[in-house]
Amino acid sequence: MKLIKARVRNFRSAEDTGWFEIGQLTCLVGKNEAGKTAVLSALHGVNSFTDFEYDRIRDYPRRHLVRYDERHEDGEAPVASTEWQLSAEDKRQVALKIGDGSLTSDKVAIESRFDTSRNTWTIQVDDAKVAKHLLAKHGVKGPELTKFGKVEFKNLAVEIDATPEASDALKAVRAEIATYRDGRPTLVAIDVLHKRQPKFFYTSHYDRMSGEISVVKLQDDKQHGRKVSPGDQIFLDFLEYAGTSIDELQASTRLEELKAKCQGASNDITDEIFEFWSQNDALAVNIEMAQGLKNDPPPFNSGTVVKIRINNANHKVDVPLSERSAGFVWFFSFLAQFKQMRKKAPGAVILLDEPGLTLHGKAQADLLRYIIERLLPQHQVIYSTHSPFMVPADRLEDVRVVEDVVERDERNRPVIKGTKVSADVLTVDKDTLFPLQAHLGYEVTQALFVGANTLLVEGPSDILYLQVASHALKTRKREGLDTRWTICPSGGIDKVQSFASLFSGKGINIAALCDYGSGDKSKVQRLRTSQILKSEGILVATDYTGKNESDIEDFFSPELFADVVNGAYGLKGKATLKVGDFTKEGALERQVKQAEALFNLMDSSTPEFDHFTPASWLLNNQDLLSKDTAAVNESLDRFEQAFKALNALLSPK
């Protein structure tokens, strides 16, 4: 059976979520207090792996609690309505009991209520086919088959009982009907499928294994029916996975054997973690068992005490589990629970409430990969998150948005609609969508401009100048910019470090060609010593112009740059820029800054100077660089020097 649809009502903030589809993976995205936990908890109660049950006082919407009986005249409010797809094996098992073709639909619906004894199943069974199956199975023939083949199933038992000389075959039919619960084929099918219905396994980011356990206290709690803490219960799950138990720990006289079992289970879980854990591969989980000492705090001062410690091989130190990063502890605890659950309830639906909340963003991506690669092949997984790194960007059809809806009436008073779940992202507010938008933005920025070899420049005009100069050089059979470089605008030297930090670790070769102005010396030095980029991969314009300050426009000789600006803005007559305007005493050293200053002195009919217009004009008038003049050659020489330095940073072809 596979869960395909759900609807939650009358549960905490979820007065009616509406129906929402569920796939092999379902990601519930929403902001805090939207009701994601309520949805998962309601599903948990459908067929819990643990002893979780709905509680009317705790779980029914508090603002309606005093009117419970008025709102539900039949006595019990529905909580979770679910629809399930039957597998071929499900149908085969039903057919073994009531015959092939007896199920007329491969879907069943289950409605769970606060009183779970009153849960209702909706299942479609063809009673006539069940009757035909029974008659054929037991070999009813001749006149009896002719007579009873026309009898409706609901009357079959009564008619057989009223037949004084019924054959043994007919009596066998009657005997089998007597095994049906209440004599109803539908209930037989429900009984078969109920045993096959997957359990729901729920865990939250708060559920972490205890780092120190008193075996005596834990055994005593179990014997006297006291509630075991979640952390201790995870430890019990771990023991069962290791092939031992709390009773064996208490009674054993061979501590080393038990320690070996626990260490083996710990190693197995740790090995699996490190297939997906990219944060630190020098960690190991150690299990220590000893007798409590009288000066230890109770209850750890007597009997067998188990301590779980994390060893860090890099720092040659081990610390108690409780002092290790919460993210690693949660991951280890989850796997301990999951591995034991899988032994008891294979195929369970896994409900994860804010999994990996304390994990670093990269580790959350590792966890998502674990969910997809390890859990999905055998389990449906429904999890909630408000982290961008837990959104499956390549499976957006599996994302459901959760929102606590409050509308306004005609007098602008709030009308509480409660938690709603929807696949329509256009109907929810921007805060709800933030994790989805943030992750999509992160993914897009990686794909839009970034390549395996990325050259960072200041802005779009730099890209055009580099492309035009590279084309002109290659036309002359000289060295242009290697096509393996992807040119990406970063917004200036101040943004280079942020960009490199964002994409480092992605296997991207990053270089930067930066403008250089007064005050940039310390910034360049900081970049070169930060080790985020290779120092030789940080090129500045002054390396090729011989000036103290330079932009990429200074690669052009003053004469050529003046021609580009004049052509771009159609300057004529007295407004025409000349070489002397850029070389005269008092001119600003950076040609683009001098151009801006000159434009500020022109009359209002002249457009305002900007960086992009000259670059765009040159792109459309590349024949300017085809001339064999000193001004052009001088300019292309500078570009070629830069291209050679950049190309040297690439791996050999």
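The values are calculated or read from the model by the stated rules, or taken from the named source; none is laboratory data. Quantities reported herein were computed from a predicted structural model and do not represent experimental measurements. Neighbour counts are summed over all protein chains in view; Cβ atoms, including those assigned to glycine, are modelled from backbone coordinates with ideal geometry.
Points worth noting:
- Residues of the range 571-617 that turn out to be among the small types (Gly, Ala, Ser), closer than 23 Å to Ser518 by Cβ and touching a helix residue (DSSP H, G or I) at 6+ places or on another chain (Cβ under 7 Å), as a count: 2
- Selected residue (criterion: farthest from Lys107 (Cα to Cα)) from residues of the range 1-26 that are among the polar types (S, T, N, Q) and not in a strand (DSSP E or B): Ser13
- Total residues in the range 596-633 satisfying the condition of being crowded, with 16+ Cβ neighbours inside 10 Å, closer than 21 Å to Arg476 by Cα and of a type in the set (Ser, Thr, Tyr): the figure is 0.
- Against the conditions (1) surrounded by 21 or more Cβ atoms within 10 Å (Cβ to Cβ); (2) touching a Phe, Trp or Tyr at 6+ places or on another chain (Cβ under 9 Å); (3) at pLDDT below 75, Leu502 satisfies every one except (1).
- Residue tally, condition in a helix (DSSP H, G or I), touching a strand residue (DSSP E or B) at 6+ places or on another chain (Cβ under 6 Å) and either under 13 Å from Phe328 (Cβ atoms) or at pLDDT 75 or above (or both), over the range 237-286: 4
- Given (1) out of contact with any helix residue (DSSP H, G or I) (no Cβ under 8 Å at 6 or more places or on another chain); (2) farther than 29 Å from Ala80 by Cα; (3) free of Cβ contacts under 8 Å to residues at least 24 places away in the same chain, index of the condition Asp182 fails: (2)
- For the range 112-122, taking the residues that are out of contact with any helix residue (DSSP H, G or I) (no Cβ under 8 Å at 6 or more places or on another chain) and part of a loop (DSSP other than H, G, I, E, B), the one that is nearest to Ala175 (Cα to Cα) is identified as Asn119.
- Screening Ser210, Ser229 for residues that are touching a Phe, Trp or Tyr at 6+ places or on another chain (Cβ under 9 Å) and among the small types (Gly, Ala, Ser) leaves exactly one candidate, Ser210.
- Counting only helices (runs of 4 or more DSSP H) that sit completely within the range 46-111, those holding 1 or more residues that are out of contact with any Asp or Glu (no Cβ under 8 Å at 6 or more places or on another chain), over 22 Å from Lys2 (Cβ atoms) and not aliphatic (A, V, I, L, M) correspond to 56-59, 68-71.
- Counting only residues that are polar (S, T, N, Q), in contact with a Phe, Trp or Tyr (Cβ under 9 Å, 6 or more places away or on another chain) and not in a loop (DSSP other than H, G, I, E, B), the range 177-207 holds 2 of them.
- Elements of the type helices (runs of 4 or more DSSP H) sitting completely within the range 546-649 and holding at least 2 residues that are closer than 28 Å to Thr483 by Cβ and either in the same structural domain as Ile487 (by TED's automatic domain parsing) or modelled with pLDDT of 95 or more (or both): these cover 558-569, 612-620, 630-647.
- Exactly one residue among Val158, Val130, Val173 is more than 38 Å from the chain's Cα centre (by Cα), free of Cβ contacts under 8 Å to residues at least 60 places away in the same chain and either surrounded by fewer than 20 Cβ atoms within 10 Å (Cβ to Cβ) or not in a helix (DSSP H, G or I) (or both), and that residue is Val158.
- Subset of the range 560-585 (residues that are surrounded by fewer than 18 Cβ atoms within 10 Å (Cβ to Cβ) and touching a residue at least 40 places away in the same chain (Cβ under 8 Å)): Gly567
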